[in-house]
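Data first, discussion second: the structure below is written as C-alpha cells.
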Amino acid sequence: MYRYEIILYWSNEDRAFVAEAPELPGCTAHGDDQETALANVKDAMRFWIDTARELGRPVPEPKGERLIYA
C-alpha cells in the first residue's frame, strides 16, 4: 500500500468521520466510524493514483513525514 499521510477527524458538519490524504489533492472519504473512513480513503487513494496514471498525470511521491502538526 502507498505510504501517504492520512488525517482522520470527526466532522460535526458532516456528522461523520472524515479521512484525508493531503498529498493527493481532493482525496477525501468519510464513514460512520474511524475504521470505515480509513478503509474508504484507502480505496479513494488507489482510485486517485490509478486515474492519474491513466490520464498521464504525475503521482507525487509520499513524503514519508508528518505534514501537519496539532
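The values are calculated or read from the model by the stated rules, or taken from the named source; none is laboratory data. Values in this document were obtained by computation on a predicted structure and should not be read as measured data. So basically every Cβ, Gly included, is an ideal-geometry build from the backbone, and we count neighbours across all protein chains shown. Each accessible area value is taken on the protein alone, full model and side chains, heavy atoms only, with ligands, DNA and RNA left out. Shrake-Rupley method; radii C 1.70, N 1.55, O 1.52, S 1.80 Å.
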Next on the checklist: Looking at Ile49, Ile7 in this structure, which one is touching a residue at least 60 places away in the same chain (Cβ under 8 Å) and of a type in the set (A, V, I, L, M)?
Outcome noted: Ile7
Checklist outcome for this item: Per the filter on segment 52-63, residues in contact (Cβ under 8 Å) with a residue 40 or more places away in the chain and open to solvent by less than 70 Å² (accessible area, probe 1.4 Å) are Pro62
Item to check | segment 1-21 - residue that is open to solvent by 40 Å² or more (accessible area, probe 1.4 Å) and of a type in the set (Val, Ile, Thr) and, of those, nearest to Pro58 (Cα to Cα) | outcome: Ile6
Checklist entry - Among the residues of segment 22-41, which ones are open to solvent by less than 50 Å² (accessible area, probe 1.4 Å) and touching a His at 6+ places or on another chain (Cβ under 8 Å)? => result Ala37
